[in-house]
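All remarks here apply to the structure that follows.
The values are calculated or read from the model by the stated rules, or taken from the named source; none is laboratory data. A quick note: this is a predicted structure, and the numbers were derived from the prediction, not measured. Cβ placement follows ideal geometry from the backbone for every residue including glycine, while neighbour counts extend to all protein chains displayed. Surface accessibility is based on the protein's heavy atoms, side chains included, excluding ligands, DNA and RNA. Shrake-Rupley method; radii C 1.70, N 1.55, O 1.52, S 1.80 Å.
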Amino acid sequence: MSILVNKNTRLVVQGITGNAGTFHTQQCVDYGTNVVAGVTPGKGGLKWENSVPICNTVNEAVIQHGANTSVIYVPPPFAADSILESIDAGIELIVCITEGIPVQDMALVRHKLNQSSVNTRLIGPNCPGIITPGQCKIGIMPGYIHKEGRVGVVSRSGTLTYEAVWQLTQKGLGQSTCIGIGGDPINGTSQKDAVQLFNEDPDTDAIIMIGEIGGSAEEEACEYIKKHVSKPMAGFIAGASAPKGRTMGHAGAIISENGAGTAEAKFQSMEEAGVKIAKNPSEIADALMTCYSG
Amino acid sequence: MVKAQIHAGGRGKGTFTDGYKGGVQLCDSPEKAKSTALSMLGNHLVTKQTSPQGRKVQTLYFTEGCDIDHEYYLAVVLDRESAQTVIIASTEGGMDIEAVAEKTPEKIIRVPVSLDMGLKPHHCRLVAFKLGFTGTQVKELSKILNGLYNFSIEKNTELIEINPLVTNKEGSLIALDAKVSFDGNALYKNPDIAELRDTNEEDPKEVEASAFNLNYIALEGNIACMVNGAGLAMATMDIIKSYGGEPANFLDVGGGANEEQVTAAFKIILSDPNVKGILVNIFGGIMKCDIIARGIVSAAKNVSLSVPLVVRLEGTNVEAGKVILKESGLELTSADSLAEAAEIITKQVTA
């Protein structure tokens, strides 16, 4: 019923003893996520909240506790190194929540991920995480807005994803998996990667893709969609009203002076690829329901 | 030469708001330099890269003129798409490089440099020979390029550009003007760069917002918005527009805003005299709705709110948040959905 994460996911939390790490680990444990270990260098051997074993390294978490997925709440100066640590430890899926990682650090991470010997997938950074409703929640999204079902959701935004998911849930459409790929210009999983995973997942019947102005991630996804996707799809692009040349919060959300990456161009690519578009952010679920009834 | 120092390109071809032309001028006498300087100082320079209001010129740069033989362009860019550094060079320097790229793309030289390998001598030779340099010029170019590349890595630049890089009559290379933009995420590594920040070049409200870690951008409209998350903030602006309103700003209060930040956000919003109404849209994930509600209540009382306020809360602890707003006695409208919130505030502002 899902992609990437499910009840077999064995999660290690990097930065488990920090404020954000502690708060969100508790939320994820309460949701039912199988948190097998945490990592805080120097605190190995202790237990987090008297329950989850703390390791000094991710390597230890993999060997001693069988971790296969990691989530990162480490501050920006150390986050890229934490990603590289997880890759070297053989983690299959890394979810990096941290916002504000230097672009150069992420460029080096990207190089590492591109190496043919590396089989790790990265989601993020600067993202809300990934959730398979009813099975596994990794990240900072509120669990209760989700509902088990068969719609896959991928988005560059955090809270705008919640908005779309909440619309689906209120209309009775549950989700197979929801992925926030993050707003940074250099990230791990792209819109296209996520759409492809949903397209190949037998338990996903329909897909929602939410983008933002800037870059070409949505256009690349649309190229793929045009050729390979026959599942019903709907989408939205945030930033139609944004002025040119200004970065709107997300480092990736900038329209270049030559007009590339505008909302208009992205909406057009989506329409050409057969994706139903929501002209308005409050009509994302409605747009999907014009071609999919659940 | 007298050069207006503003954070925007295209100065030479720019026009001041009083009609005076040219932000970069060659003067043939000290008297001419003085009168030129007086015409520029305090004046607003409008270029291709500024808003129609232009930028106030508060600093000037006086430099010797140079006997130019040819103008080149040279830059090192961290390319986000390919996640590597790229050297960009052209024999068509001194002008708008975007225009060169558009009209004569064959005149743009691109040489990718992988970040893990770094800049090698062959990269420099390739650029130098493609630019048509010979003899000692090749060595000079290598030296300049190494300087650019090392600076870009050490100081985390997104772009470092020399435009124009010129050859004089003797054939020597001279960097005449430069522009650098830095990765804001990496400023913690480079306190010397952070110190160079010139807040005179920024909107005062944006400076104030950044002091509270708020992401604020002033716009032209009259409906202020306060939202958590950049994507939702943009979507909120979009929906205001679709109901016929005009957003006064982009404001992302971030994931974990506290009462102090919310209060600061309200003050900044209200310092814009154009604001005729406020839309608060919070989808609590990390942020709990009861905390934001308390922030709204205390802020609204603090700043004696005088314009309509519409609040839409959803997410973590939403019920508690709604109760706090209701019991506060504040004059505000609660909305259940984004569409409803946008519709109400647009009506209230245009009424």
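For a quick check, take a GNM of chain A with Cα springs below 10 Å and name the residue from A:Asn68, A:Asn19, A:Asn126 with the largest mean-square fluctuation. Sorting by GNM fluctuation, first place goes to A:Asn19.
According to the Cα-based calculation, Rg over Rh for chain A is 0.97, with Rh computed by the Kirkwood formula. Distance between the pseudo-spin-label points of A:Asn6 and A:Asn34 (7 Å out from Cα toward the beta carbon): 1.1 nm.
With a Förster radius of 22 Å applied to the beta-carbon distance between B:Thr136 and B:His7, the computed FRET efficiency rounds to 0.05. Length gained on full extension, B:Asp272 to B:Val86, computed as 0.36 nm times the residue gap minus the Cα-Cα distance: 62.9 nm. Reported value for segment B:28-96: 145 Å³ per residue, from the convex hull of its C-alpha atoms.
Taking every DSSP beta bridge that has both residues in segment A:1-61, what percent is antiparallel when rounded to the nearest 5?
Of all bridge pairs located within segment A:1-61, approximately 25 percent are antiparallel.
For segment A:97-151, the relative contact order works out to 32 percent when only alpha carbon pairs closer than 8 Å and six or more residues apart are counted. Between B:Cys27 and B:Val2, the built amide H atoms are under 5 Å apart, and every one of these is 5 or more places off in sequence or on another chain. Whole-Hz Karplus values for segment A:283-294 come out as 10, 5, 5, 4, 4, 5, 6, 6, 10, 8, 10, x Hz, taken residue by residue from phi with 6.51 cos²θ - 1.76 cosθ + 1.60 and θ = phi - 60°; glycine and proline positions read x. Taking a virtual spin label 7 Å from the Cα of B:Ser172 along the C-beta vector, which residues in segment B:110-149 bring their backbone nitrogen under 18 Å of it? B:134-145, by backbone N distance to the label point. In this structure, B:Ser337 and B:Thr15 have a Cβ-Cβ separation that, at R0 = 45 Å, corresponds to a calculated FRET efficiency of about 0.45.
The label-point distance for B:Lys48 and A:Cys291, in a model that sets each label 7 Å from Cα toward Cβ, rounds to 3.9 nm. Please build a GNM for chain A, connecting alpha carbons under 10 Å apart, and tell me which residue among A:Val118, A:Val12, A:Val151 fluctuates the most. Comparing A:Val118, A:Val12, A:Val151 in a Gaussian network model of chain A, the most mobile one is A:Val118. Computed from the Cβ-Cβ distance with R0 of 41 Å, the FRET efficiency linking B:Val323 to B:Thr59 stands at 0.15. In the elastic network of chain A, a GNM with C-alpha springs shorter than 10 Å, the most mobile of A:Gly152, A:Gly45, A:Gly182 is A:Gly45. Solvent exposure of segment A:1-111 amounts to 41 Å² per residue of accessible area, where only protein heavy atoms count and the probe is 1.4 Å.
Given a 1.4 angstrom probe, what's the average accessible area per residue across chain B, in square angstrom? Each step should come with its number before you reach the end.
Details: 16410 Å² over 351 residues.
I get 47 Å² per residue for this part.
Summarising the overall dimensions of segment B:1-61 from its C-alpha atoms, the Rg and Dmax are 10.4, 33 angstrom. Positive-end ranking of A:Ser269, A:Pro243, A:Phe23 along the dipole of chain A, with charges on Cβ about the Cα centre, is headed by A:Phe23.
Here the protein assembly as shown is treated with +1 on each Lys and Arg Cβ and -1 on each Asp and Glu Cβ, and its dipole about the Cα centre works out to around 160 debye. The radius of gyration of the Cα set in segment B:138-225, together with its Dmax, comes out at 18.2, 60 angstrom. Measuring spread by the Cα atoms of the protein assembly as shown yields a radius of gyration and Dmax of 26.1, 80 Å.
Measure off, as a whole percent, the carbon and sulfur share of the 1.4 Å-probe accessible area of segment B:46-148, all protein chains present. C and S fraction of accessible area: 53 percent. Pairs exceeding 30 Å between alpha-carbon atoms, taken from A:Lys112/A:Lys137; A:Lys192/B:Lys120; B:Lys34/B:Lys155; B:Lys21/B:Lys103; B:Lys32/B:Lys169: A:Lys192/B:Lys120; B:Lys34/B:Lys155.
Taking all protein chains together and rolling a 1.4 Å probe, B:Met287 ends up with roughly 10 Å² accessible.
For chain B, the longest principal axis of the alpha carbon atoms and the long axis of helix B:259-270 meet at an angle near 80°. Using a 1.4 angstrom probe on protein heavy atoms only, the contact between A and B buries about 3800 square angstrom of accessible area, both sides summed.
Given the DSSP H assignment, sum -39500 (n - 2.57) over each helix run of at least 4 residues in chain A and divide by its residue total; what's the result at 222 nm in deg cm²/dmol, nearest 500? All intermediate terms of the calculation are to be shown ahead of the outcome.
Values: 9 runs with 96 residues, N = 294.
Helix contribution divided over all residues of chain A: -10000 deg cm²/dmol.
Kirkwood hydrodynamic radius computed over segment B:1-124 comes to 16.7 Å, based on all pairs of distinct alpha carbons.
In whole Å and largest first, what semi-axes does the C-alpha gyration tensor of chain B yield when each eigenvalue is scaled by 5 and square-rooted? Don't skip to the answer; put the middle values down first.
Numbers: eigenvalues 466, 121, 56 Å².
Here the semi-axes work out to 48, 25, 17 Å.
Over the residues of chain B, the helix contribution to mean residue ellipticity at 222 nm works out to -10500 deg cm²/dmol, using -39500 (n - 2.57) for each DSSP H run of at least 4.
Here the Debye sum runs over all C-alpha atoms of segment B:187-313 as equal scatterers in vacuum, and log10 of I(q)/I(0) at q = 0.16 Å⁻¹ comes out as -0.76.
Using the Cβ atoms and a cut-off under 13 Å, what net charge is assigned to the surroundings of B:Ala175, where Lys and Arg are +1 and Asp and Glu are -1? Intermediate results must be reported in sequence, preceding the final value.
Details: positive: B:Lys143, B:Lys179; negative: B:Glu71, B:Glu140, B:Glu161, B:Asp177.
Around B:Ala175, the charge tally is -2.
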